[in-house]
Amino acid sequence: MNKRNLWKPLLTLGLTLLAAMYVLPTLVPAGSMPGWYPFTKRMTFGLDLQGGLELRYTVDYKKAISDNLLRVRESVIEVVVGELARKASKEPDALTTEERAAIVARFKVERIDFDTLRLTFEDRDDVGVVTPDLIEGLRSDLIRQVPSGNQVTLKLNEKRVAQIRDEVVDQTLDVIRKRVEAFGLVEPDVRKNGDTDIDIQMPGVRGTEVDAVRARIGQTAQLAFRIVDRSPEAVEFFNVNQAKLTDFQSKFPEKGALLSLDRDGSTGQWIVRASAGVQRGAGDSLAKNALYSFLKTLVIPDDHMVGLELVEVREEGRIRDCYYRTHYLWSRAGVTGDHLTRAMVLFETQGEPYVSLEFDAIGAKQFEQVTEENTGEYMAIMLDDEVNSAPVIKERIGGGRAKISLGGNRPRQEILGEAQSLVTVLTHGAYKAPVHKVHDFEVGPSLGRDTIDAGVVSLIVGVLAVLIGMLLYYRGSGIIADIGLLLNVLFTVAILIGFDAALTMPGLAGIVLTVGMAVDANVLITERIREEIRLGKGPRAAMDAGYKHAFSAILDSNLTTAITGVILLNYSSGPVYGFAVTLLIGICVTFVTQIFITRLIFDWYVDRFRPERLSVGI
């Protein structure tokens, strides 16, 4: 071989040695490699090979759009009030409280669907103030429908709905990935499935880790601070719905038996309470379910919502009573977790853990403004629809800091664990929309063990059969082809390990398929060399012609397969995705091993031994 081309065999030997060193830790028992060994990565097996947890969640993007539409509703009210004031030759900014209230009473804005608002005017002539230009100036993504009678409908355009959907799902995907990675357990597979579903695969998750992952992913933790409504109408809200509560109790006696009407001595509100027994546990979910079922029967105004709070009544260090209670709240959140900059666990002077919150400049300003405007009112600190606490605002609170207490008559370690989990969720982001579990499968390790054994056996048997077949049929050329095949498998496995790609059962099938494609390349080359030898060419000329003329056929076959692999890679998930990964890696490796490395070996053999004829099985 020409000394100027000496770098080729040296590079091949170097790559082979590096690949072997990468694969070696996977082939020996864990922890048996010496401390000085430079490579410690082992092959990561997929969910189907070693068991674990598979989850699918769907993102309720309509809820995110619906919540945003409530904020739009307030803006619509403001601009319509301004237009009606101008129609009456008055300046909107100069309106008195009474004048403004009178104008607001002339129409109402309702949300009739997640993406639709409907304005209803008392006077049909007032409909004309809601012009397309007015709505365009307010929100370019709102479309004014043709008015009907004294009503006009505003609808979010479909393009904007799709955009919000994609943004919310992508943000949820990112949050889930960060939460899962915070465990530091495995290389998780988190990917989008369709428009709104998210698939999560956690290979190797076992025992208590399974419940922890479920809890962490399922916790939405949308932080919000809302004001308790203590107006006369709000105070009587549940009292006037007494008949519906009685009706619910008669229709659903088991759930209804947990519910009762009571009055809050602090806020004056009538509340519905649901008994949860005397300790945390199954009673919590029964009480919450009963309360949610009843609330679904009520008509709650768009500008209000009902939050639930778990209350523990303690006496001499023991829980005497435990129940859920309602809070009738303004739905608009004065401050949200969007402006949260830091969440951490701190301790009270008596050693009880709590979560400390810090907001950015915008959040701090909002918090200060809300507390100043609502001094003397009650502020509900909420995570999702649940109220953590509802303390009274005694004075304006500056500095952008707040705290969430997780107390109760529970072991300190339990409270600390809950606080740390909440900090992780808040730090890694809250979902912009609710997520609902579609399915939850725990794959047992015994199934994984059987599968991996069968897969490895099939791989070994398949490769050995190909190696022996090539050796018997093509003799000397078969030996060179077999070397290329072995390097093909070695390089493929090394690349999977190096890039932390999990090997799945379809991935093993992809490796076997790659071996078959590599054999096909060798057959094309060897058969072409045979033809050139029959034409009377010598070893060097036959070899050169064989590789040259077979290259186009090999390129075409591998390229078409690669196109299929790319499609699978972009539009599949789970096991099929693993098959596509190994297939594409195998195609790339096949070109290196079967086109260049086997050619390098042929060149060395011809230059070193100068045979009169090549051994191609003739």
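The values are calculated or read from the model by the stated rules, or taken from the named source; none is laboratory data. Fair warning: this is a prediction, and the values are worked out from it, not measured in the lab. Using ideal geometry, Cβ is built from the backbone for each residue, glycine included, and neighbour counts are taken over all protein chains shown.
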Q | Single match in Arg100, Arg139 (criterion: of a type in the set (D, E, K, R), surrounded by 13 or more Cβ atoms within 10 Å (Cβ to Cβ) and out of contact with any Pro (no Cβ under 9 Å at 6 or more places or on another chain)) | A | Arg139
Q) Could you give every pair whose Cβ atoms fall below 8 Å, whose first residue belongs to segment 254-275 and is more than 12 Å from Phe238 (Cα to Cα) and in contact (Cβ under 8 Å) with a residue 60 or more places away in the chain, and whose second residue is surrounded by fewer than 19 Cβ atoms within 10 Å (Cβ to Cβ) and among the charged types (D, E, K, R), counting only separations of at least 6 or pairs across chains? A) Thr267/Arg230
Q: Examine segment 68-86 for a residue that is within 32 Å of the chain's Cα centre (by Cα), within 30 Å of Ala212 (Cβ to Cβ), modelled with pLDDT under 90 and of a type in the set (Asp, Glu), and state whether such a residue exists.
A: no
Q.
Quick check on my filter: what residues within segment 237-282 are acidic (Asp, Glu) and modelled with pLDDT of 90 or more?
A. Asp247, Asp262
**Q.** Close pairs (7 angstrom Cβ cut-off, 6 or more residues apart or separate chains): in the same structural domain as Val489 (by TED's automatic domain parsing) and under 19 Å from Phe499 (Cα atoms) in segment 24-39, of a type in the set (Phe, Trp, Tyr) and part of a loop (DSSP other than H, G, I, E, B) anywhere
**A.** Pro25/Phe39
Q.
Being within 20 Å of Thr336 (Cα to Cα) and either surrounded by fewer than 14 Cβ atoms within 10 Å (Cβ to Cβ) or in contact with an Asp or Glu (Cβ under 6 Å, 6 or more places away or on another chain) (or both) is true for just one of Ile362, Ile397, Ile404. Which residue is that?
A. Ile362
(Q) Looking at segment 577-588, can you tell me whether even one residue there is free of Cβ contacts under 8 Å to residues at least 40 places away in the same chain, surrounded by fewer than 19 Cβ atoms within 10 Å (Cβ to Cβ) and in the same structural domain as Lys537 (by TED's automatic domain parsing)? (A) yes
**Q.** Test set (1) of a type in the set (A, V, I, L, M); (2) in a helix (DSSP H, G or I); (3) modelled with pLDDT of 75 or more - Leu426 fails condition number
**A.** (3)
Q. Scanning for something assigned by TED's automatic domain parsing to the domain that holds Thr16, farther than 24 Å from Asp199 by Cα and either at pLDDT 80 or above or hydroxyl-bearing (Ser, Thr, Tyr) (or both), does segment 451-459 turn up at least one residue?
A. yes
Q: Residue by residue through segment 528-563, note down the ones that are closer than 30 Å to Asn193 by Cβ, out of contact with any Leu (no Cβ under 8 Å at 6 or more places or on another chain) and free of Cβ contacts under 8 Å to residues at least 40 places away in the same chain.
A: Leu559, Thr560, Ile563
(Q) Being more than 15 Å from Ala19 (Cβ to Cβ) and surrounded by fewer than 16 Cβ atoms within 10 Å (Cβ to Cβ) is the filter here; which residues of segment 480-515 pass it? (A) Asp500
Q.
Any residue at all in segment 300-316 that's surrounded by 15 or more Cβ atoms within 10 Å (Cβ to Cβ) and in a helix (DSSP H, G or I)?
A. no
Q: Scan segment 342-372 residue by residue and report those that are of a type in the set (Ser, Thr, Tyr) and touching a Leu at 6+ places or on another chain (Cβ under 9 Å).
A: Tyr354, Ser356
Q | Test result for Glu136, in a helix (DSSP H, G or I) and out of contact with any Gly (no Cβ under 9 Å at 6 or more places or on another chain) | A | yes
Q: Check whether at least one residue in segment 2-23 is crowded, with 16+ Cβ neighbours inside 10 Å, modelled with pLDDT of 80 or more, touching a helix residue (DSSP H, G or I) at 6+ places or on another chain (Cβ under 6 Å) and basic (Lys, Arg), and report yes or no.
A: yes
(Q) I'd like the full set of residues that are assigned to a loop (DSSP other than H, G, I, E, B), among the hydrophobic types (A, V, I, L, M, F, W, C) and in contact (Cβ under 8 Å) with a residue 40 or more places away in the chain, limited to segment 104-130. (A) Phe114, Val130
Q | Single match in Val81, Val76 (criterion: free of Cβ contacts under 8 Å to residues at least 24 places away in the same chain, surrounded by 18 or more Cβ atoms within 10 Å (Cβ to Cβ) and in a helix (DSSP H, G or I)) | A | Val81
